[in-house]
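Novice: Submitted below is the structure of interest, expressed as structure tokens.
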């Protein structure tokens, strides 16, 4: 019943309807198919006479990746490959539903266009991983299948305000993760992978701008409702790959996250900066004319970055032990 009430909240549905012209204006943030990069642009062309040379170059640079880099790369790829769950989540947000799968209202066009662009991220990096010859691909593929079967819950319960809050923050997180991984692999000479990471991060940045523009539209039209959704969503860190499993380890996501934190790809400090940037960009701290509850929500949101930084400091003091990853033939990282 609670789900249905959120999904069909007339006031929120009206806000989403009012924003249709805004969303239509955001559709150019999606590139045309013709101007988009494709995975084959960065992978050996096996129809070419030089495919063996190109493959050797790819494998030579992949040989320089450390086990830590491989684990984080695999975790990022697994996260990207759960794309069906993310599109399904978008389609559950009230006012955004694409009932037939081919509807032409702006929300439906955005959802399908966004999904089409995101699909290339997993395609190009998974192929790179396969051709590298450095990982247990069956274990990686099993992890992807497990994650999609296990599902993904944004915690939005069909509420479009919460859903778009989540998307706004998560696109920034994904952008940061790929960008920082790209900087790290570049230092060991993995120039092809560095370029892939940069292009993925650039896609995520475009998507982030669009989702945040939608959230700004919600804040403008219903600040009280927006602040409630922001407080509920930003007050917890619901990572999209939290339910990942390789079939054996019950703590695979945590182990992957620990490695990413240790090598500087993503941690709670990045999340704190993410939330702080959203607060500043949205000028939440200067919102006035709010109800008492909304004012309290605004103040709680503005305090979140400091809370997450303190948690990050506590995690720094926690010793993490090396654990085996099936992805890399049970080598310990």
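Here, each number is a calculation from the coordinates, and none is a lab measurement. The structure presented is a predicted model; accordingly, all values stated were derived computationally and were not measured. Here the Cβ is made from the backbone with ideal geometry for all residues, glycine too, and neighbour counts use every protein chain on show.
Novice: Using label points projected 7 Å from each Cα along Cα→Cβ, tell me how many nm separate residue 53 and residue 119, to one decimal.
Specialist: 3.4 nm
Novice: Throw me the Rg/Rh for the chain, computed over C-alpha atoms with Kirkwood Rh, two decimals.
Specialist: Result: Rg/Rh = 0.98.
Novice: Pairs of Cα atoms under 8 Å, at least six residues apart: use those to get the relative contact order of region 208-301, whole percent.
Specialist: Normalised by residue count, the contact order of region 208-301 is 38 percent.
Novice: To the nearest 10 degrees, how steep is helix 292-317 against the longest Cα principal axis of the chain, on a 0 to 90 scale?
Specialist: That works out to roughly 20 degrees.
Novice: For residue 141 and residue 88, compute 0.36 nm times the residue count separating them, minus their Cα-Cα distance, and round to one decimal in nm. Don't skip to the end; give the middle numbers.
Specialist: Details: separation 53, 0.36 × 53 = 19.08 nm, distance 2.07 nm.
Contour length minus Cα-Cα distance gives 17.0 nm.
Novice: If I take every Cα pair under 8 Å that is 6 or more residues apart in region 99-243, average their sequence separation and divide by the length, what percent do I get for the relative contact order?
Specialist: RCO, region 99-243: 29 percent.
Novice: What's the Kirkwood radius of region 177-333 in Å, using all Cα pairs?
Specialist: Averaging 1/r across every pair of different Cα atoms and inverting gives 18.0 Å.
Novice: Follow-up. Could you give me D for region 103-171, from Stokes-Einstein at 25 °C and 0.890 mPa s, where the hydrodynamic radius is the Kirkwood radius over C-alpha pairs? Units µm² s⁻¹, please.
Specialist: The estimated diffusion coefficient comes to 167 µm²/s.
Novice: Pull out a ≥ b ≥ c, the square roots of the eigenvalues of the alpha-carbon gyration tensor of region 104-239, then state rounded if a/c is under 1.5, prolate if not and a/b is larger than b/c, and oblate in the remaining case.
Specialist: Prolate is the answer for region 104-239, as a/c is 1.5 or above and a/b outweighs b/c.
Novice: Assuming 0.36 nm per residue, please report the length gained on full extension of the stretch residue 307 to residue 131 beyond their Cα-Cα distance.
Specialist: Result for the pair: 59.1 nm of gain on full extension.
Novice: Taking the alpha-carbon centroid of each part, what is the distance from region 264-332 to region 97-127 in angstrom?
Specialist: One Cα centre to the other: 28 Å.
Novice: In terms of the ratio Rg/(2.2 N^0.38 Å) built on C-alpha atoms, what value belongs to region 5-94?
Specialist: 1.74
Novice: Right, next: If you wrap a convex hull around the alpha carbons of region 1-160, what volume per residue comes out, as a whole number of Å³? If you can, show how the numbers build up before the last one.
Specialist: Values: hull volume 23.5 nm³, N = 160.
Value for region 1-160: 147 Å³ per residue.
Novice: Between residue 291 and residue 68, what's the calculated FRET efficiency when r is the beta-carbon distance and R0 is 41 Å? Round to 0.05.
Specialist: Between residue 291 and residue 68 the formula returns 0.30.
Novice: Averaging sequence separations of C-alpha pairs under 8 Å and six or more residues apart, then dividing by the length of region 2-332, give the relative contact order as a whole percent. Show your work: numbers first, answer last.
Specialist: On the way: 402 pairs, mean separation 75.6, N = 331.
Worked out over region 2-332, it gives 23 percent.
Novice: Turning to a different aspect of this structure: P(r) of region 169-250 in 5 Å steps, Cα pairs, percent per bin?
Specialist: P(r) for region 169-250, in whole percents per bin: 3, 14, 15, 15, 17, 15, 11, 6, 4, 1.
Novice: Oh, and also: Could you calculate the contour length gain from residue 20 to residue 317, that is, 0.36 nm times the residue separation minus the distance between their Cα atoms, to one decimal place in nm?
Specialist: Details: separation 297, 0.36 × 297 = 106.92 nm, distance 4.77 nm.
This chain segment gains 102.2 nm when fully extended.
Novice: Can I ask one more? Starting from the exponent 0.38 and prefactor 2.2 Å, build the expected Rg for region 60-128 from its residue count and divide its actual Cα Rg by it.
Specialist: Its radius of gyration relative to the 2.2 N^0.38 Å reference: 1.45.
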